[in-house]
Amino acid sequence: MDKDKLDHMTLFSQWIISQKHLPQNFSESCREKFLVWAKLDFEKTKKKFQKFCYNTITHAEFYSDRLLTLEDDIKKSLQFIYVIPMPKLTPNGCRVTIAKIFGGENFDVLVMIRSVTLYMGLEPATPVRQ
């Protein structure tokens, strides 16, 4: 990890610790993903992280017990979605992902959203339980 990213990680980690209302159980790799997605913009990173934490509470059905349903969700989602992440990042640090979603009698939006969050690797260090 380069010095600039390391400095941002330290600042972001300190900020999370200071925010007692936010979960404290996110792994370093998960926190790093938020920084990269916000292109090391600290204010954007905080907003994205807060929104994600809020969504895990208000939409727990997409995040809770994901590890228990992982195999089933992945198998089901392959019936109605193809997700292909490109191997290289763009010059500004984004990863292009191509997704093809098609309907049909097997389409399940809950399975699709849980699968997408799993593909993105968004998870706390310990599972979210409500």
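Rule-based calculations on the coordinates, nothing more; no lab input. Only a predicted model underlies this, so the values are computations on that prediction, with no experimental measurement involved.
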Next item on the list: May I ask you to evaluate 6.51 cos²θ - 1.76 cosθ + 1.60, the Karplus curve with θ = phi - 60°, for each residue of segment 5-20 and list the ³J(HN,Hα) values in order in whole Hz, giving x for glycine and proline?
Entry: 5, 4, 4, 5, 4, 4, 4, 5, 4, 5, 5, 4, 4, 6, 9, 5
Next item on the list: Would you kindly derive the ³J(HN,Hα) couplings of segment 29-34 from the backbone phi angles with the Karplus curve 6.51 cos²θ - 1.76 cosθ + 1.60 (θ = phi - 60°), listing them in order in whole Hz, with x for Gly and Pro?
Entry: 5, 5, 4, 5, 4, 4
